[in-house]
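Q: Dumping the structure here so I can ask a few things about it.
The values are calculated or read from the model by the stated rules, or taken from the named source; none is laboratory data. Keep in mind the model is a prediction, meaning the values are calculated, not measured. FYI the Cβ positions are ideal-geometry reconstructions off the backbone, even for glycines, and counts take in every protein chain you see. Note: accessible area is taken over every heavy atom of the protein model, side chains too, but ligands, DNA and RNA are not part of it. Shrake-Rupley method; radii C 1.70, N 1.55, O 1.52, S 1.80 Å.
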Amino acid sequence: MKLIEGKPIAEIVYAECLQSFEKLKAAGHLPGLAVVLVGEDPASQAYVGSKERKCQELGMHSVKIEKPADTTQEELHAVIDELNADEAIHGILVQLPLPDHLDEDQVILRIDPAKDVDGLHPVNIGKLAMDDPTGFAPCTPSGCQRMLIESGIETSGKDVVIVGRSLLVGKSLALLMMGKRKGGNATVTVAHSRTKNLAELTRRADILVAAIGIPHFIGKEHVKPGAVVIDVGINRIDDPTAKKGSRLVGDVDFDAVAETCEAITPVPGGVGRMTIAMLMANTIRACELRAGLAD
Ligand code: GUN
């Protein structure tokens with residue numbers, strides 16, 4: 001069994017980012033990312049903190065905007081409008097989920113598609129569906145695809161089953177993997193909570209992706225021997241033996257599945273490492289596109 005770790009692959013992406021970054025700087029451009037956080041969800045605060053740290057490490061311009069949990073839709077739209085107009089900002093990310101009283105779709109629609117480095121605006125989802133490379137693909141799905149590419153795992157003509165149909169991961173990853181670009185050309189099936197005979201379906205997969213947000217949901221019975229397993233889940237479960245009283249686990253029962261699969265991504269240390277790397281790559285590309293320096 002081969003372990004597909006996120007860190008070394010994220011480092012490849014960061015090395016590319018630095019190269020593009022130097023070229024941009026030499027031409028007088030500094031990529032800038034704004035991250036907007038509403039409320040005080042600790043997991044979201046941690047994600048936003050690591051995004052900001054990574055920007056600083058790369059030398060990018062970074063802005064963090066924190067708004068209280070009772071921020072109104074209009075107030076949040078005003079924040080987005082200001083960032084859309086800000087010349088120093090090339091990428092805008094609104095950390096999800098938003099508090100329940102806010103309409104996420106309306107917030108995403110408000111972001112200038114050219115700054116939507118999260119790839120969630122309908123224009124970017126549409127470009128993804130059209131195989132148009134001028135759009136931005138969502139970061140976690142692009143990270144999964146990049147892990148497959150860098151691990152030398154062929155996707156063309158392979159049966160891929162994705163469990164989970166969120167726009168943030170499952171649905172977007174399906175578009176990427178059935179697309180015609182590198183790491184695509186797969187035969188993709190998307191399974192979800194209403195799917196019948198799930199194990200029968202997932203056992204057909206050459207590449208199985210778990211993105212449902214249920215700890216240890218995928219067991220050995222779901223996996224064909226020799227399959228590649230990508231675990232997108234990041235779930236915190238109670239564990240009295242752990243220092244914090246809890247630990248992070250994926251959607252896959254790692255120990256059971258590792259016995260039978262060809263390759264698997266760990267949690268933590270797998271796909272999670274890739275998301276921020278792809279966000280940085282998207283932000284740098286947004287800056288290149290605006291500067292007219294994109295390949
Ligand atoms: N929350 C968890 N993952 C993500 C992500 O990729 N983008 C945004 N905006 N929010 C998230």
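Q: Which of the residue pairs Lys7/Lys180; Lys25/Lys180; Lys54/Lys127; Lys7/Lys243; Lys51/Lys224 have a Cα-Cα distance greater than 29 Å in the structure shown? Provide the component values of the computation, followed by the final result.
A: Working: Lys7/Lys180 27 Å; Lys25/Lys180 32 Å; Lys54/Lys127 27 Å; Lys7/Lys243 24 Å; Lys51/Lys224 36 Å.
Correct reply: Lys25/Lys180; Lys51/Lys224.
Q: Okay, moving on. Relative to the first principal axis of the alpha-carbon coordinates of the chain, what is the inclination of helix 271-291, with its axis defined by its Cα atoms, in degrees from 0 to 90 and to the nearest 10?
A: 40
Q: Ok, one more. Enter the angle in degrees (range 0 to 90, nearest 10) between the Cα long axis of helix 6-26 and the first principal axis of the Cα atoms of the chain, meaning the one along which they spread out most.
A: That works out to roughly 20 degrees.
Q: Further question on the same structure: Excluding ligands, DNA and RNA, what is the solvent-accessible area per residue of the chain at a probe of 1.4 Å, expressed in Å²?
A: 48
Q: How would you classify the stretch 119-196 from its alpha-carbon gyration tensor, with a ≥ b ≥ c the square roots of the eigenvalues: rounded for a/c under 1.5, else prolate if a/b is greater than b/c, otherwise oblate? Don't skip to the answer; put the middle values down first.
A: On the way: a/c = 1.64, a/b = 1.05, b/c = 1.56.
Since a/c reaches 1.5 but b/c is at least a/b, the shape of the stretch 119-196 is classed as oblate.
Q: Given a 1.4 Å probe and every protein chain left where it sits, what share in percent of the accessible area of the chain is carbon and sulfur?
A: Numbers: 7170 of 14050 Å².
Using a 1.4 Å probe with all protein chains present, the chain comes out at 51 percent carbon and sulfur.
Q: Out of Gly184, Leu102, Ala27, whose Cα points farthest toward the positive end of the dipole of the chain (charges: +1 Lys, Arg; -1 Asp, Glu; placed on Cβ)?
A: Gly184
Q: Rounded, prolate or oblate: pick one for the stretch 140-282, where a ≥ b ≥ c are the square roots of the eigenvalues of its C-alpha gyration tensor, a/c under 1.5 means rounded, and failing that, prolate if a/b is larger than b/c, else oblate.
A: Details: a/c = 1.64, a/b = 1.24, b/c = 1.32.
Note, shape of the stretch 140-282 comes out oblate.
Q: Still on this structure: Can you tell me the orientation of helix 73-85 relative to the chain, as the angle in degrees between its alpha-carbon axis and the longest Cα principal axis, to the nearest 10?
A: 70
Q: So if I take the centroid of the Cα atoms in the stretch 110-151 and the same for the stretch 205-283, what is the distance between those two points in Å?
A: 22
Q: Sticking with this one: Between Lys220, Lys64, Lys243, find the one with the highest GNM mean-square fluctuation for the chain; connect C-alpha pairs within less than 10 Å.
A: Lys243
Q: If a/c stays under 1.5 just call it rounded; otherwise compare a/b with b/c (prolate if a/b is bigger, oblate if not). Do that for the stretch 1-137, with a ≥ b ≥ c from the square roots of the Cα gyration tensor eigenvalues. Could the numbers behind the result be given before it?
A: Numbers: a/c = 1.44, a/b = 1.36, b/c = 1.06.
Since a/c stays below 1.5, the shape of the stretch 1-137 is classed as rounded.
Q: How big is the equivalent ellipsoid of the chain along its three axes, where each semi-axis is √(5λ) from the Cα gyration tensor, reported in whole Å from largest to smallest? Don't skip to the answer; put the middle values down first.
A: On the way: eigenvalues 196, 98, 69 Å².
Rounded to whole Å, the semi-axes are 31, 22, 19.
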